[in-house]
Structures are given as C-alpha cells and as structure tokens.
Amino acid sequence: MFTGIVESLAQVTDIQANGTNLTFTFESNIAHELKVDQSVSHNGVCLTVEQLVENTYQYKVTAIDETLKKTNLGKLQIGDKVNLERCMPASGRFDGHIVQGHVDQTGICTSIEDQNGSWLISFEYDESSNNITVEKGSICVNGVSLTVVNSKDNGFSVAIIPYTWEHTNFHQLKEGSIINLEFDILGKYMQKIMSRK
C-alpha cells in the first residue's frame, strides 16, 4: 500500500521486450536502498524490483501485458522520468491518501495553466468505466496524491504547488500527455454498493 507521496524520480535507461512484457531499467538516487522482491510504485503502478544492477544506481522491473494496456508505462522511452514511492511502513503516516498501486485507467492532460505561483492542470478520462471524482476528494495521478477541483463526469483539475511541480514529473507534462489514474478506493466501494440498489 502507498500514500501517493513521491519520494524520488527515476529515469528510464533501458527497455527490453520479453514476449508481450517489457523489462525496464531505471536509475534513481534511492536505488541503493531498494531490495529484490520489494514493491515500488512507478507513476502509480506497483511493480516488483527484480534485480539491482551491481555498482550502479540502477534496478530492473517488468511490466506484463495487462499492465502495459491499462497504464502509460508502455509509452515510456529511454530518458523519460517516472514518480517513485516505496510502500508505506506500518509505522508510517498517511501524508496523502490510501493508494493501492493499481491503476484504474489512463487519462489525458487537456490544459496546463500557469497561475503565477501554482499550476492548474486539467485532465479528461473515459467515463464509460464509471469511475468518478468528487470536489475536494482524493485522486492519484501518476502516483501522486492530489485534491480534486472542478470535478465533472469525465474530468477534473488539480492545483499543483511549486514543490510538487519540481519534485515530480508533472513539470514534464504537456497537453496530450497520457497519465495514470487511480480513483479513491472508498469512492469505488461506495459506488459499487450503490449500483446494486
């Protein structure tokens, strides 16, 4: 389980196809703290560390076909950066919200407004999956816990402070960028229960 508070960025240094899977090599300043079999969120996708590259700050993970179809990982190229978060320790604090590392669907960035001290970023997504946001509710975008503003049936906006802009890959977003979305787990359960009535 994660909280959507990004610890570091990782850069793609290699991508190898293995059947329908992709094995990624990432370089990160926290790689030396990782261990094989550890769960790490990459742009909100929970992946297992498979190998630590000796005498480097690099490690390898594999994304299977199902993951590649439902996330933006399949669009990564060498040099791209992803948001990293290790799973939350039992003694940790919830600085964000409950994040499972299971992306529900992708969305698209429709606008980025520089508001002279913050950025208002808007996203749209396919509403046919019945995922919802609520005003001032939680949403996880590329692994980052954020608060929803301007909620609508097929989209929402988020306000990004300078710290988040600088310390996540949000500063690399542009109109048309594909992002990973994990909707609030409590909202998903409530929606499921209400749909049965």
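Summary table below
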item	result
Some residue of the range 77-87 being of a type in the set (Asp, Glu), surrounded by 15 or more Cβ atoms within 10 Å (Cβ to Cβ) and touching a Lys or Arg at 6+ places or on another chain (Cβ under 9 Å)	no
Scope the range 157-176; condition within 19 Å of Glu85 (Cα to Cα) and of a type in the set (Ser, Thr, Tyr); matching residues	Tyr163, Thr164, Thr168
Of the criteria (1) more than 19 Å from Ile160 (Cβ to Cβ); (2) surrounded by 14 or more Cβ atoms within 10 Å (Cβ to Cβ), which one Ile112 fails	(1)
Candidate set from the range 79-121 (those that are out of contact with any strand residue (DSSP E or B) (no Cβ under 7 Å at 6 or more places or on another chain) and either at pLDDT 95 or above or of a type in the set (Phe, Trp, Tyr) (or both)); member that is nearest to Val45 (Cα to Cα)	Phe94
Residue list for the range 138-161, restricted to those being over 17 Å from the mean Cα position of the chain (by Cα) and within 17 Å of Gly96 (Cα to Cα)	Val149, Ile161
Failed item, numbered, when Leu186 is tested on (1) hydrophobic (A, V, I, L, M, F, W, C); (2) farther than 19 Å from Gln100 by Cβ; (3) surrounded by fewer than 13 Cβ atoms within 10 Å (Cβ to Cβ)	(2)
Matching residues in the range 69-83 - criterion: being under 18 Å from Thr13 (Cα atoms) and assigned to a helix (DSSP H, G or I)	Leu73, Gly74, Lys75
The lone exception for Lys174 - which of (1) touching a strand residue (DSSP E or B) at 6+ places or on another chain (Cβ under 6 Å); (2) surrounded by fewer than 12 Cβ atoms within 10 Å (Cβ to Cβ) it fails	(1)
Within the range 16-67, tally of residues that are exposed (fewer than 12 other Cβ atoms within 10 Å of the Cβ), touching a helix residue (DSSP H, G or I) at 6+ places or on another chain (Cβ under 8 Å) and under 17 Å from Gly79 (Cβ atoms)	0
Filtered residue count, the range 165-194, keeping only those that are without any contact (Cβ under 8 Å) to a residue 24 or more places away in the chain and either of a type outside the set (Asp, Glu) or in contact with a His (Cβ under 6 Å, 6 or more places away or on another chain) (or both)	6
Test: Asn150 is closer than 21 Å to Ser39 by Cα and assigned to a strand (DSSP E or B)	no
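The values are calculated or read from the model by the stated rules, or taken from the named source; none is laboratory data. For clarity, every value in this text was computed on a predicted model and none was experimentally measured. Note: ideal-geometry Cβ built from the backbone for every residue, glycine included; neighbour counts use all protein chains shown.
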